[in-house]
Amino acid sequence: MADAQRDVLQRPLPDGIVPAAEVARMEKRWLTLMVAMLIVMMAVVVLRGVTNAIHPPSNIETIDPTTLHLDGEFAESNLGTAQEPDGSLTARLIADPYAFVPDCVKLAVDAPVKFRLTSTDVIHGFLLPATNVNTMVVPGFVAEVRTRFTRPGIYRMPCNEFCGSGHHGMWARVSVVPKEQFPALAPTERSSCVQQ
Ligand SMILES: [Cu+2]
C-alpha cells in the first residue's frame, strides 16, 4: 500500500480525471482511425481518376491575358466549337467579368470533346454537373479538359469560383445535340448556339 502511494501512476485520481495511460490508448485508437480514413480517401481519388477520368487539370500552358483578344487562338472569330480533321470537337471559351464567351456552346453526342478556356480578369470556375468537367480558369493560363457526352441535352454551366459581385449570374450553357443535327464544320468555321 505504501509502495502504491509512492508511485504516482498507481495513486487513485480525483473524479473526472482520465489516467495518462488511458489518454494515450484513446489517442492511438483515433490516430489509427484517421490514417485509415486517409488511405480510403486516397484510394477513392486514385480509383476515380483511373476509372472515370476525373483528374486535376494538368497542362501548364501560359497566355498573355492582356493581348489574347487581339489575335491567335482566343481571338473572337476563333471562339466556339471547331471540328478537328479526326472528327473530334474543340470548344474554345473566354471567361470575362461575369460571362463566358460564347455563352452557349454547341456540341455533338458521342464525339470526343476538348474544352480550352482562359480568363481575361480573375480566377473563374468551369463546371458541368454530372460530367467529369470541372476546372479552374486562371488568367495567364489555358485550362484544358477532355470529355465525351453520351446523352443529348442542355447542360447548365455555372462559374463555380467566386469572382466578384456578379458571380451568381455567371452562367452559360452547353447544348449537346444528336450527331445528325450537328453539321460538319469547315476547318475555319466555328459554331455556337448563342442567340443573336
Ligand atoms: Cu464566378
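The values are calculated or read from the model by the stated rules, or taken from the named source; none is laboratory data. Keep in mind that this is a model prediction, so the values were computed, not measured. For neighbour counting, all protein chains shown are included, and Cβ atoms are generated from backbone atoms with ideal geometry for every residue, glycine included.
Number of residues in the range 163-180 that are more than 16 Å from the ligand (Cβ to nearest atom) and exposed (fewer than 10 other Cβ atoms within 10 Å of the Cβ) equals 1. Which residue out of Pro183, Pro102, Pro129, Pro152 is more than 13 Å from the ligand (Cβ to nearest atom) and buried (at least 18 other Cβ atoms within 10 Å of the Cβ)? The match here is Pro102. Could you please let me know if Leu117 is surrounded by 19 or more Cβ atoms within 10 Å (Cβ to Cβ), touching a residue at least 24 places away in the same chain (Cβ under 8 Å) and farther than 23 Å from Leu68 by Cα? The answer is no for Leu117.
Rundown of residues vs (1) under 15 Å from Ala91 (Cα atoms); (2) at pLDDT below 90; (3) touching an Asp or Glu at 6+ places or on another chain (Cβ under 8 Å), yes/no style:
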site: Thr118; (1), (2), (3): yes, no, no
site: His124; (1), (2), (3): no, no, yes
site: Asn132; (1), (2), (3): no, yes, no
site: Gly140; (1), (2), (3): no, no, yes
site: Ala143; (1), (2), (3): yes, no, no
site: Gly153; (1), (2), (3): no, no, no
site: Arg156; (1), (2), (3): no, no, no
site: Phe162; (1), (2), (3): no, no, no
site: Gly169; (1), (2), (3): no, no, no
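Here Trp30 meets the list (1) within 16 Å of the ligand (Cβ to nearest atom); (2) over 19 Å from Met157 (Cβ atoms) almost entirely, failing just condition (1). One residue stands out in the range 36-58 among those that are among the small types (Gly, Ala, Ser) and either at pLDDT 85 or above or outside any loop (DSSP other than H, G, I, E, B) (or both): the one that is surrounded by the most Cβ atoms within 10 Å (Cβ to Cβ), namely Gly49.
Give me the strands (runs of 3 or more DSSP E) completely within the range 59-135, filtered to those with at least 1 residues that are closer than 16 Å to Ser192 by Cα, ordered by residue number. Let's see the steps before the verdict.
Values: elements: 80-83, 89-96, 99-101, 104-108, 112-119, 124-127.
Strands (runs of 3 or more DSSP E) meeting the threshold: 80-83, 89-96, 99-101, 104-108, 112-119.
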